[in-house]
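Peer 1: Structure incoming, see below.
Nothing in this text is a laboratory measurement; each read-out follows from the coordinates by a stated rule. All values derive from a computational prediction rather than experimental measurement. Positions of Cβ are generated from backbone atoms using ideal geometry, with glycine treated the same way; all protein chains shown enter the neighbour counts.
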């Protein structure tokens, strides 16, 4: 049985709100869908077509956890109203767990009434919210994520947990020094391993290189700043560890398929 590391349950909230959608919501998946989504449907109906060609109908009075990476397209035949939130796991451990959740999960809204005062405030969350709203929104998301994760056995984690414990000081070092883009040798020293062996062990366990992990974290932060602030691209590059707006734009487009200026200002469910 896998054991959870409480310090590794951090999330980045990207954007959210309340929308009344109509046929203009119809579209193929794009860069904004490369995240996890929570939908709290208030009325109406919509449909997601997943990459495996299966369809999911989003119905009134239901809550949904949606791995956005699995979406192929979306459509709304008439109209629906939804409170929504996009997020990504910030920590490597939680990201690894959630990468093994391939399906959409649903619950009656009646089973989440204790969170109604929070998901009803999502438009406020990204516009100078009271400090407690951010904390309680994180708690709500973790509650829903835990409901999803408890449906899986994660027997494969028995082999991962010891490696994670061994590499955790290096992961913590990368998290603390993301903006500096530290060299591999310095990271490996934190766990007393040769750089090549550390790189191999990390990559085999988490299916990404240490450099890719740090780049992913920095790009997730740039997403949040693009969607939720009025900072210039130069300011965002500085705050996310990129040498210039050019390098940020090049890395962002490589990952998301859009340049930052095209991505900015487009939050929607």
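Peer 1: If you take the square roots of the eigenvalues of the alpha-carbon gyration tensor of segment 89-196 and sort them as a ≥ b ≥ c, do you get rounded (a/c under 1.5), prolate (a/b over b/c) or oblate? Spell out each step's value before the answer.
Peer 2: Details: a/c = 3.63, a/b = 1.60, b/c = 2.27.
Here segment 89-196 falls in the oblate category.
Peer 1: May I ask for the angle, rounded to the nearest 10°, between helix 245-256 and the longest principal axis of the chain, with both axes built from Cα atoms and the value confined to 0 to 90°?
Peer 2: 60 degrees
Peer 1: Choose one answer from 166, 59, 70: the residue with the largest mean-square fluctuation in a GNM of the chain with alpha-carbon springs under 10 Å.
Peer 2: 166
Peer 1: Right, next: Using a Gaussian network model of the chain whose springs link C-alpha atoms within less than 10 Å, name the residue from 87, 242, 131 with the highest mean-square fluctuation.
Peer 2: 131
Peer 1: Size of the chain along its principal axes in angstrom, Cα-based, largest extent first?
Peer 2: The Cα atoms of the chain stretch 58, 46, 40 Å along the principal axes, largest first.
Peer 1: Using helices alone, what [θ] at 222 nm do you get for the chain, with -39,500 (n - 2.57) per DSSP H run of 4 or more residues, divided over all residues and rounded to the nearest 500?
Peer 2: Calculated at 222 nm, the ellipticity per residue is -12500 deg cm²/dmol.
Peer 1: May I pose another question? Quick one: what do you get for segment 158-207 if you divide its Cα Rg by 2.2 N^0.38 Å?
Peer 2: Details: Rg = 10.4 Å, N = 50, 2.2 N^0.38 = 9.7 Å.
Computed over Cα atoms of segment 158-207, the ratio equals 1.07.
Peer 1: Then there is this: Using a Gaussian network model of the chain whose springs link C-alpha atoms within less than 10 Å, name the residue from 116, 90, 150 with the highest mean-square fluctuation.
Peer 2: Per the Cα network of the chain with a 10 Å cutoff, 150 tops the list.
Peer 1: As I understand it, the value is the acute angle between the Cα axis of helix 195-206 and the longest principal axis of the Cα atoms of the chain; what does it come to in degrees, rounded to 10?
Peer 2: So the inclination is approximately 20 degrees.
Peer 1: Turning to a different aspect of this structure: Quick one: go through segment 205-231 and flag any residue whose amide nitrogen is under 18 Å from the point 7 Å out along the Cα-to-Cβ line of residue 246.
Peer 2: Of the residues in segment 205-231, none has backbone N under 18 Å from the label point off residue 246.
Peer 1: Relative to the longest principal axis of the chain, what angle (0 to 90°, nearest 10) does the C-alpha long axis of helix 210-228 take?
Peer 2: Rounded to the nearest ten degrees, it is 40.
Peer 1: Once each part is reduced to its C-alpha centroid, what is the distance from segment 128-196 to segment 65-117 in angstrom?
Peer 2: Computed from Cα coordinates, the inter-centre distance equals 20 Å.
Peer 1: I've got another one for you. Gain in length, residue 20 to residue 47, computed as 0.36 nm per residue apart minus the alpha-carbon separation, to one decimal in nm?
Peer 2: 8.3 nm
Peer 1: Another question about this same structure. Pull out a ≥ b ≥ c, the square roots of the eigenvalues of the alpha-carbon gyration tensor of segment 110-269, then state rounded if a/c is under 1.5, prolate if not and a/b is larger than b/c, and oblate in the remaining case. Working shown, then result.
Peer 2: On the way: a/c = 2.22, a/b = 1.18, b/c = 1.88.
Oblate is the answer for segment 110-269, as a/c is 1.5 or above yet b/c matches or exceeds a/b.
Peer 1: Using a simple spin-label model with points 7 Å from Cα along the Cα→Cβ vector, what separation in nm is obtained for residue 79 and residue 234?
Peer 2: 4.5 nm
Peer 1: Rg and Dmax in Å for segment 34-121, alpha carbons only: what are they?
Peer 2: Both quantities, over Cα of segment 34-121: 13.3, 40 Å.
Peer 1: Compute the Cα gyration tensor for segment 213-263, then decide on rounded, prolate or oblate, letting a ≥ b ≥ c be the square roots of its eigenvalues: rounded whenever a/c is under 1.5, prolate when a/b is larger than b/c in the other cases, and oblate in all that remain.
Peer 2: On the way: a/c = 1.23, a/b = 1.11, b/c = 1.11.
Rounded shape, in that the Cα axes give a/c under 1.5.
Peer 1: Also, quick follow-up: Multiplying the sequence separation of residue 103 and residue 163 by 0.36 nm and subtracting their Cα-Cα distance, what value in nm do you get?
Peer 2: Full extension of this stretch gives 18.9 nm more.
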